1. Which of the numbered conditions does residue 253 fail, given that it passes all the others? Conditions: (1) open to solvent by 40 Å² or more (accessible area, probe 1.4 Å); (2) more than 24 Å from residue 217 (Cβ to Cβ); (3) in contact with a strand residue (DSSP E or B) (Cβ under 7 Å, 6 or more places away or on another chain).
2. Looking only at residues that are modelled with pLDDT of 70 or more and of a type in the set (S, T, N, Q) in the stretch 15-41, which one is nearest to residue 363 (Cα to Cα)?
3. Spot the failing condition for residue 341; the list is (1) over 16 Å from residue 49 (Cα atoms); (2) surrounded by fewer than 18 Cβ atoms within 10 Å (Cβ to Cβ); (3) of a type in the set (Val, Ile, Thr), and only one is missed.
4. Return the total of residues in the stretch 250-271 being of a type in the set (Gly, Ala, Ser) and either in a loop (DSSP other than H, G, I, E, B) or touching a His at 6+ places or on another chain (Cβ under 8 Å) (or both).
5. For the subset of the stretch 192-217 comprising residues that are closer than 18 Å to residue 119 by Cβ and of a type in the set (Phe, Trp, Tyr), which member is farthest from the chain's Cα centre (by Cα)?
6. Go through the stretch 52-70 and count every residue that is open to solvent by 70 Å² or more (accessible area, probe 1.4 Å) and either more than 22 Å from residue 275 (Cα to Cα) or of a type in the set (A, V, I, L, M) (or both).
7. Scan the stretch 100-124 residue by residue and report those that are modelled with pLDDT under 95 and in a helix (DSSP H, G or I).
8. Within the stretch 347-374, can you find the residues that are within 25 Å of residue 145 (Cβ to Cβ) and open to solvent by 20 Å² or more (accessible area, probe 1.4 Å)?
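The values are calculated or read from the model by the stated rules, or taken from the named source; none is laboratory data. The structure displayed is predicted, hence computed values, not measured ones. In this analysis, Cβ positions are derived from the backbone assuming ideal geometry, glycine residues included, and neighbour counts consider all displayed protein chains. When the accessible area is computed, the model is the full protein with side chains, heavy atoms only, and any ligands, DNA or RNA have been set aside. Shrake-Rupley method; radii C 1.70, N 1.55, O 1.52, S 1.80 Å.
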Amino acid sequence: MNEMSKVNEAGNRPQPKAGVLDIAAYVPGKSKGSHGKTVHKLSSNETPLGTSAAVSPAVDHVIRNLELYPDGAATELRDAIGDIYGLNPDRIICGAGSDEVLSMLAYAYLAPGDEAIYSEHGFLVYDIAIRAAGATPVVAPEAGLSTDVDAILERVTDRTKMVFIANPNNPTGTYLPYEEVKRLHESLPAHVLLVLDAAYGEYVRRNDYESGIELAATSENVFMTRTFSKIYGLANLRVGWGFGPAHIIDALNRIRGPFNMSGVAIAAGVAAVRDRDFVAKSVEHNEKWLPWVTEELEKIGLKVTPSVGNFVLVHFPDRDGQRARDADAYLLERGCVLRMVGNYGLPNAIRMTIGSEEANRTVVAHLRDFLTNR
């Protein structure tokens, strides 16, 4: 078929709107090692502790009534979140993961001709949501793999409508202190929406960190998103939420699908968020193994970006046979699945989730052998 025939054929079928085919599809972390073998999967920042024991009995009654629609407003889940965090449930919206909430924000507030800013190594869903809404993404360079407030402010124009900040950031693990978040907010025009994505906020134990609740509670142009996929261990069910001004919640509810969350997800979320002992155990596990993994990897000669999340970004030597892609292949052969982050602009780094004690020790041992034998 010649080129003209291909063009004509394409013209005789529905075409996506301008910009959709320019979007790079999101590629999740691998689930399998070489030959289909997986011993330890540390590619998706999943918790090694499973989920709360309260979740299974909580969803049993829902599973016995699958013919019934769920509560479209996720009232019980919003009430539970509000109770735990001390928030007005009317200012909470729930979604199929925080990804859906982030996308709803873009669809509600961005249009062709608008711009939205995110940082250089920010979560790839921001770019997808911005482009899908027809707007233009603007990337602000980072400083030392951390969000640079001044770089963001330098890129604000009269077309800027939204700024996305992942705090802590994935895949770097770095965070923006609250004073810097406030400085950014105070310097933005009032009509620009600041979105604070705190997917890993529960893991942070720094005195100068704040997830975004305070600003979202007291400002008209700040919105915070959270997820149940990480510390709560509900990644498979897709549970997320957002908190912000009443006028933003109203806008999002107007475009939200009428039953955007399943009843199973709602019931599981209620049980998970109320089990504070499980959350505490998850934090305790991370507090022990995050520094251990960091120190052990540094001992064998690898550079690790300081992280406050449940993962580390590991940088490899720029030498033949010892680069990140070589390490990734070596680990996959041994059933250890980590995450290459070249699509985040970090081609010689690998992100490693903090796993179980066995997983952490196994990966460190394999990487020690990898560097020694190359």
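1. (2)
2. 38
3. Single failed check for residue 341: (2).
4. The qualifying residues number 3.
5. Ranking the qualifying residues of the stretch 192-217, first place goes to 209.
6. 7
7. Listed by number, the list holds a single entry, 124.
8. Within the stretch 347-374, 347, 348, 366, 368, 371 meet the criteria.
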